[in-house]
1. Roughly speaking, what is the centre-to-centre gap between segment 251-269 and segment 380-452 when only Cα atoms are used, to the nearest Å?
2. By average Cβ neighbour count within 10 Å, what is the ranking of 306-319, 377-390 from highest down?
3. Specify which residue in the list ALA415, PHE435, PHE396 is farthest towards the positive end of the charge dipole of segment 356-447, using unit charges on the beta carbon of Lys, Arg (+1) and Asp, Glu (-1), about the Cα centre.
4. Taking 7 Å along the Cα-to-C-beta vector as the label spot, tell me the ARG272-GLN296 distance in nanometres, rounded to one decimal.
5. Restricting to lysines 8 or more places apart or on different chains, can you count the pairs in the chain with Cα atoms under 28 Å from each other?
6. Label points 7 Å out from Cα along the Cβ direction at ARG422 and ASP401: separation in nm?
7. Determine the shape class of segment 232-319: with a ≥ b ≥ c the square roots of the Cα gyration tensor eigenvalues, call it rounded for a/c under 1.5, and otherwise prolate if a/b is greater than b/c, oblate otherwise.
8. Once every DSSP H run of n ≥ 4 in the chain is given -39500 (n - 2.57) and the sum is divided by its residues, what mean residue ellipticity at 222 nm do you get, rounded to the nearest 500 deg cm²/dmol?
Amino acid sequence: MAKQIILEGLPVTAQVDDVAMNGDRPNILLISVDQMRADILGINGHPFVQTPQIDQLALSGINFRSAMSECPVCCPARRIIMTGRDPFGVEMFYNRDLQPFPQEPKLAELLSGAGYQCHAVGKMHVWPPRLRMGFHDIELNEEGRTAGHTYPDDYTQFLLDNNLGAVANSHGLGNNQYGYRPSPVPEYATSTGWTADRAMRFLRRRDPERPFFLYASFDRPHPPATPPAEFYDLYRDTVFPDPVVGDWVDAKPLPRREAMHYSQNWAQWSGRPHVIQEWMRGYAAMCTHIDSRIGQLIGTLRETQVLANTWIIFVADHGDHCMDHQLLSKGDFFAGSCNVPYFLTPAETWMNRVRHEVISTVDRHPVGLQDVLPTLCELAGVTPPDDIPGRSLLPFFSETDPEWREVVCGVVGSAFGAQDGRYKYCWMGDTDDEFLFDQVEDPKDCHDLADDKSYAEVKGSLRKALYSWLQANGDEHAGVDDLVTVMLERRGDGVGHRANHWNNRGWR
């Protein structure tokens, strides 16, 4: 843009070149959400939930419908995104809040080293809590976690500054508790509203001489369901489909289901269908709330004239069972937990390098969160570490048949998964139970094919791929020539051994 300046009394016209608007390298917006299952979105077939802004992102790029979270719980999933490594690479197989972050090169370190202005807003879930990971600044929301520090995170400080600190948690629900209560703070003061507002503020204050990498990390629709009442009202009269129950549930009881029922007071849910409906409305309302704020964020990209030169990637760290198969929360490789929304939308300035026929398509290749870092590195012209398993997704936009991995594998606690885009194999490393699902014909994992002899070859191939992955990483579940069971305690994850099941607030 041109502007007039005065030099010794004489008008001079100077041209300000805003690199983010028209530079050779694109801006990058990474949007992540917490605990959003893929099929809750309208674009992925939900009959009621309204997510028009997110749906438009998918329609403007490629929807990787078989995307899998390789370790579907918060801490390791976010480390996988930031490093391009798998669970073995980040050395984390379940949530461990106090485990130091990996020292390997991280996404923002690589991009900031290449001249990008890197800014993050929202939930990071790292240790130590103020670790910047290469970002020039992080405006932090850790959902009330203080990790023993005497000072609050930025969102909590915002609440305190606005005399809302004592109000924010007056809904009375815990950080992982199921149930619905209307938000006790105004919409702008919710964590969703605050995250979007701070992200938009960055766009108006960024350095015009650099391309930017903006990471907007929403902490919802993670429980508890406390959306603004006006969003819950959108679904007040909606009757959601009942949670599904697979044909395998009684035949293959899972120890972790029993532990989950105990920790989440399953008896309060199973006999009260109206409470389940209330939760589903609240969950849907949180998704629509995020969607509306994403629309505002993308509108700000347009208003600041940088949308045309910005790539957008949308992911979730993991999903939520939402009572499917009598399961809650996440932490295994059934669909609600591990199948995540995953969209990549190209900048308009790159459309001359993109095969137009791939726009608004659904892709079924086995992709994972490990592929975020190499994809964004290639966009920025940065060479990613050569020892990471993650791979760039950009060839899907330019090549008709890109070379790709055959299988992506994952582990969380004693649950293991391997999927090829069509079929998914799940194995329980403590009980030796195995499952096989057709992700296209049976997207909610209702029909177990593991004992069907006509699928023996498919099951055997995926089991072998999982074994090879574990063996290559020295995992104790890889025996001499096949998978072997190991009791959960030997992995040291501590699942099922919590001394206190009360989950309402506290330092962690």
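The values are calculated or read from the model by the stated rules, or taken from the named source; none is laboratory data. All values reported here derive from a predicted model rather than from experimental measurement. Reconstructed Cβ throughout: ideal geometry from the backbone, glycine too, with neighbour counts over all protein chains shown. Accessible surface areas use protein heavy atoms only, side chains included; no ligands, DNA or RNA. Shrake-Rupley method; radii C 1.70, N 1.55, O 1.52, S 1.80 Å.
1. Value for the Cα centre distance between the two parts: 26 Å.
2. Values: 306-319: 23.7, 377-390: 17.3.
Final packing ranking: 306-319, 377-390.
3. Of ALA415, PHE435, PHE396, it is PHE396.
4. Distance between the two pseudo-spin positions: 3.2 nm.
5. Counting lysine pairs in the chain gives 21.
6. The answer from the label model is 1.5 nm.
7. Numbers: a/c = 3.41, a/b = 2.04, b/c = 1.67.
Verdict is prolate for segment 232-319.
8. So the calculated ellipticity at 222 nm is -7500 deg cm²/dmol.
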